[in-house]
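Colleague: For reference, the structure I am asking about is given below.
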Amino acid sequence: MRKTLLGVVLISLFCSTWLTAQEDYFAEWFHRVDKTQAEQPHWVTPLATTTPRLEEEFRYDQLWQVNPAGVTTDNYDGGKGLELIPFEKVEVILNMPPYLAHNNPKVRDGFGDVAFLVKYRLLSANEDGGNYILTAFLGCSLPSGSYSNGALHAIITPTIAYGKGFRRFDEQGTFGIGLPVADTNLIGRTFAWNNTFQYHLLRKLWPEVELNSTFFQDGKNDGNKQNFVTPGLVIGRFHLGSRVGFTFGGGFQIATTHFHTNNHNGILSIRFPF
């Protein structure tokens with residue numbers, strides 16, 4: 001009987017301590033977010049390049065992709081979603097599967113793959129301390145797409161991201177490698193190198209130019225290179241109430257290489273930071 005009572009007491013103490021820790025964790029959530037973001041530059045997130053900054057927001061993108069035959073594919077959501085900062089120096093992105101409408105009776109519409117991304121900020125300083133950042137990413141997509149709208153296997157993508165600001169000008173970039181977990185000879189590896197050059201104008205305007213390059217190894221596109229020049233404009237952040245803001249932008253990707261899976265793309269991005 002005494003052992004039973006002792007066990008009940010220990011379990012009660014454990015549950016009470018655990019619940020208190022959980023309450024403290026969530027009560028300190030936004031304080032942790034504010035502290036984390038105060039220690040990094042306050043640039044705006046680019047249209048196509050994933051920012052090295054840690055963000056807490058919900059994001060929706062709309063893409064229009066024109067293939068070499070001139071057929072437009074509508075990409076709803078663009079694989080974006082919820083971005084959270086659960087710990088200092090850490091961001092988790094939970095991407096919703098995009099819905100692809102091909103406008104081609106020979107290709108079935110459907111959802112793409114589910115994906116997620118974890119960021120860990122290695123180095124950073126805000127505008128008063130050097131205006132720079134260095135972050136490591138680890139992304140993973142799961143083969144959950146319907147019909148032929150996803151990959152054959154999961155793809156793991158380690159990435160290094162960097163950024164440096166000079167007064168109103170900043171440069172943000174990433175270099176990542178897409179590694180299929182199987183059938184690499186069929187799917188191939190991709191090496192993605194993206195760089196964004198932004199200028200902060202009139203408080204809310206962020207005109208930018210991006211260079212988005214992909215190099216293919218193995219698979220059907222082995223040895224090819226694809227590059228887009230992406231002029232665009234991001235506007236914000238506007239305050240909507242409490243912690244919630246609103247930022248939006250648009251741009252146009254122009255293919256500059258002979259090989260390309262798309263001739264050009266249009267991008268519309270809507271974000272609600274909080």
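The values are calculated or read from the model by the stated rules, or taken from the named source; none is laboratory data. Not measured: the values here are computed from a predicted model. Positions of Cβ are generated from backbone atoms using ideal geometry, with glycine treated the same way; all protein chains shown enter the neighbour counts. In case anyone asks, the SASA skips ligands and DNA or RNA and just uses the protein heavy atoms, side chains included. Shrake-Rupley method; radii C 1.70, N 1.55, O 1.52, S 1.80 Å.
Colleague: To the nearest 0.05, how large is the calculated FRET efficiency for PHE87 and PHE175 if R₀ is 25 Å and r is the Cβ-Cβ distance?
Modeller: Numbers: r = 25 Å, r/R0 = 0.99.
It comes out at approximately 0.50.
Colleague: Here is a follow-up. Relative to the longest principal Cα axis of the chain, at what angle does helix 29-38 sit, 0 to 90 degrees, rounded to 10?
Modeller: Taking the Cα atoms of the chain, the angle to 29-38 is about 50 degrees.
Colleague: What percentage of the solvent-accessible surface of the chain, computed with a 1.4 Å probe over protein heavy atoms, is contributed by carbon and sulfur atoms? Walk me through the numbers on the way to the answer.
Modeller: Details: 9530 of 14610 Å².
Carbon and sulfur atoms account for 65 percent of the accessible area of the chain.
Colleague: Multiply the residue separation of PHE272 and VAL209 by 0.36 nm, subtract the distance between their alpha-carbon atoms, and state the gained length in nm to one decimal.
Modeller: Numbers: separation 63, 0.36 × 63 = 22.68 nm, distance 2.25 nm.
Gain on extension, PHE272 to VAL209, equals 20.4 nm.
Colleague: In addition: Using a simple spin-label model with points 7 Å from Cα along the Cα→Cβ vector, what separation in nm is obtained for ILE160 and LEU201?
Modeller: Modelled inter-label distance: 3.3 nm.
Colleague: Enter the accessible area per residue of segment 117-163 (Å², integer; probe 1.4 Å; all protein chains in place).
Modeller: Working: 2280 Å² over 47 residues.
On a per-residue basis, 48 Å².
Colleague: Right, here's the next one. Taking R0 as 30 Å, what FRET efficiency do you get between ALA101 and ASN185 from their Cβ-Cβ distance, rounded to the nearest 0.05? Walk me through the intermediate numbers first.
Modeller: Working: r = 31 Å, r/R0 = 1.03.
Calculated value: 0.45.
Colleague: Right, another one. Could you name the lysines in cross-link range of LYS225, using Cα to Cα under 29 Å and dropping any fewer than eight places away on the same chain?
Modeller: Once the sequence-local lysines are set aside, what remains near LYS225 is LYS80, LYS106, LYS119, LYS164.
Colleague: Between PHE116 and CYS140, what length in nm is gained on full extension when 0.36 nm per residue of separation is reduced by their alpha carbon distance? All intermediate terms of the calculation are to be shown ahead of the outcome.
Modeller: On the way: separation 24, 0.36 × 24 = 8.64 nm, distance 0.56 nm.
Using 0.36 nm per residue and subtracting the Cα-Cα distance, I get 8.1 nm.
Colleague: Multiply the residue gap between LEU240 and HIS264 by 0.36 nm, knock off their C-alpha separation, and tell me the result in nm, one decimal place.
Modeller: Numbers: separation 24, 0.36 × 24 = 8.64 nm, distance 3.35 nm.
Net length gain for the segment: 5.3 nm.
Colleague: Now a separate question. Give me the percent relative contact order of the chain, please, defined on Cα pairs under 8 angstrom at least 6 residues apart. Show your work: numbers first, answer last.
Modeller: Details: 721 pairs, mean separation 42.7, N = 274.
Here the relative contact order equals 16 percent.
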